[in-house]
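Novice: Here you go, one structure.
Just so it is clear, none of the values below were taken in a lab; they were calculated from the coordinates. What you are looking at is a predicted structure, and each value in this text was computed from that prediction instead of being measured. Neighbour counts are summed over all protein chains in view; Cβ atoms, including those assigned to glycine, are modelled from backbone coordinates with ideal geometry.
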Amino acid sequence: MTRFVPGNGYANAAPACTLKQIPFVEVGFAHQDYWSEEINAPILGPTVKVNLRPQDTGLGLGIAASSGVNLTTGELNFASVVGLMSVPINEAFRVSLNAGWSYVQGDMPDAFFYGAQIEFQISRDLTFLIEGFGRMPGISGIQTGLRFTPKDGPIDFDLLAARFLGENQPFFFTVGVTVRF
């Protein structure tokens, strides 16, 4: 869940699974809800991720795609295809890069986007995250925060703060929970 300008927010629930028979493919769906004073957009759509090369080989490569339909209007709200790369530097440090194309309903529907993230494991349970991201033309931002994984278990708790670059941009605050089983 993300909160930004007072009264505006975004929530996302995205269950996904990987079958034992095809361990390199993850399929799922996402239910998202964006709300503001002007709009309320519940969105539902499929997701798929293909792991082309596992990161434990020294260079992880993948491709992911997702889309979503506004459940109120029935219109396509977004679609994206993204290339993913992860480079584990050592046990505690990883660099991830992504780039792709996205369609987002609105003023700038088609655009190239990109991101770069650094993860540094501070302790067994705590990871520091920092990410730069952007969407053409001229939208960019930065996000940083902590991921808490109690006893290196199946649950992650993320607490992040982000901001688009430029004057008078709001801060975004995100609380995330990931459960793996």
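Novice: Hey, could you get me the Stokes-Einstein D for the chain, Kirkwood radius over alpha-carbon pairs, 10 °C and 1.306 mPa s, rounded to whole µm² s⁻¹?
Specialist: In µm²/s, the coefficient rounds to 89.
Novice: Could you point to the residue in Ala116, Ile139, Phe157 farthest towards the positive end of region 104-162's charge dipole, with +1 and -1 charges on the Cβ of Lys/Arg and Asp/Glu respectively?
Specialist: The residue sitting farthest along the positive end of the dipole is Phe157.
Novice: Largest first and in whole Å, give the semi-axes of region 1-108's equivalent ellipsoid, each being the square root of 5 times a Cα gyration tensor eigenvalue.
Specialist: Equivalent ellipsoid semi-axes, largest first: 30, 17, 13 Å.
Novice: If R0 is 45 Å, what FRET efficiency do you get for Glu167 and Leu19 from their C-beta distance, rounded to 0.05?
Specialist: Plugging the Cβ-Cβ distance into 1/(1 + (r/R0)^6) gives 0.40.
Novice: Given the C-alpha centroids of region 102-139 and region 1-62, what is the distance between them in whole angstrom?
Specialist: That distance is 13 Å.
Novice: Please arrange Glu167, Glu26 by counting, for each residue, the other beta carbons lying within 10 Å of its beta carbon, fewest first.
Specialist: Working: Glu167 4, Glu26 17.
Listed from fewest to most nearby Cβ atoms, that is Glu167, Glu26.
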